[in-house]
Amino acid sequence: MSAAKNTKATTFEGFTEEERAAMKEHAQELKKAARRGSKKADLEQDVLAKIAEMEGPDREMAERIHAIVKAGAPELAPKLWYGMPAYAKDGKVLCFFQPATKFKTRYATLGFNDVANLDEGTMWPSAFALTELGPDEEARIAALMKKAASG
């Protein structure tokens, strides 16, 4: 006996629409980078354009974080990562800004990947929730950036 073929189209429902969109953005970022090379000035323009698309508090925070990174860790290279502003060290994403609207969350996130030099003992934070940035938060982010990029 032969097995009946399943003619019904199936889709994987494990990813949200926003997650699928982020994966598509990342694929486009990789293709674009491969076509033109990874010129820091071009990559920064991509980041600035993405920030300009944001609205309200997300854009204000992204602009401030971009300025803080440029001032405190100029060796980091701006780039897009899954459609989010990110900053890389030696080609690897060290930190990123995830706007609240990206995945429809109630706060934005400043996240750090494993290349960030933030280790403190056996447990430390690798992401921070942001609802707004004042002088205290900006000072803390500047210190985190310096530490994360060191080493």
Cα-based shape type of segment 20-136, given that a ≥ b ≥ c are square roots of the gyration tensor eigenvalues and the cut on a/c is 1.5 = rounded
key: Gaussian network model of the chain, springs between alpha carbon atoms under 10 Å - residue of VAL69, VAL115, VAL47 with greatest fluctuation   = VAL115
task = Please state the charge dipole magnitude for segment 17-149, taken about the Cα centre, from unit charges on C-beta atoms (+1 on K and R, -1 on D and E), reported in debye and rounded to the nearest 20.
result = 560
query = Quick one: helix 40-53 against the long Cα principal axis of the chain, what's the angle to the nearest 10°, folded into 0 to 90?
reply = 80
ask   = What ranking of THR122, THR131 emerges when the number of other C-beta atoms within 10 Å of each C-beta is taken as an exposure proxy, fewest first?
value = THR122, THR131
task = Name the longest site-free stretch of the chain, where the excluded sites are GluC sites (Glu not before Pro) in a DSSP loop with no more than 13 other beta-carbon atoms within 10 Å.
result = 76-119
remark   = Longest principal axis of the chain (C-alpha) makes with the long axis of helix 56-72 (C-alpha) an angle, in degrees to the nearest 10, of 60
ask   = Relative to the longest principal Cα axis of the chain, at what angle does helix 17-36 sit, 0 to 90 degrees, rounded to 10?
value = 70
query = So which aspartates and glutamates pass the test for LYS32, namely a Cα distance under 14 Å, with those fewer than 8 places away in the same chain ruled out?
reply = ASP42, GLU44, ASP46
request  = Would you kindly state the longest site-free stretch of the chain, with sites defined as chymotrypsin sites (Phe, Trp or Tyr not before Pro) in a DSSP loop (not H, G, I, E, B) surrounded by at most 12 other Cβ atoms within 10 Å?
outcome  = 16-151
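Where a number appears in this text, it was derived from the coordinates with a stated rule and is not lab data. Model, not experiment: these values are computed from the prediction. Cβ coordinates were reconstructed from backbone atoms using ideal geometry, including for glycine residues, and neighbour counts include every protein chain displayed.
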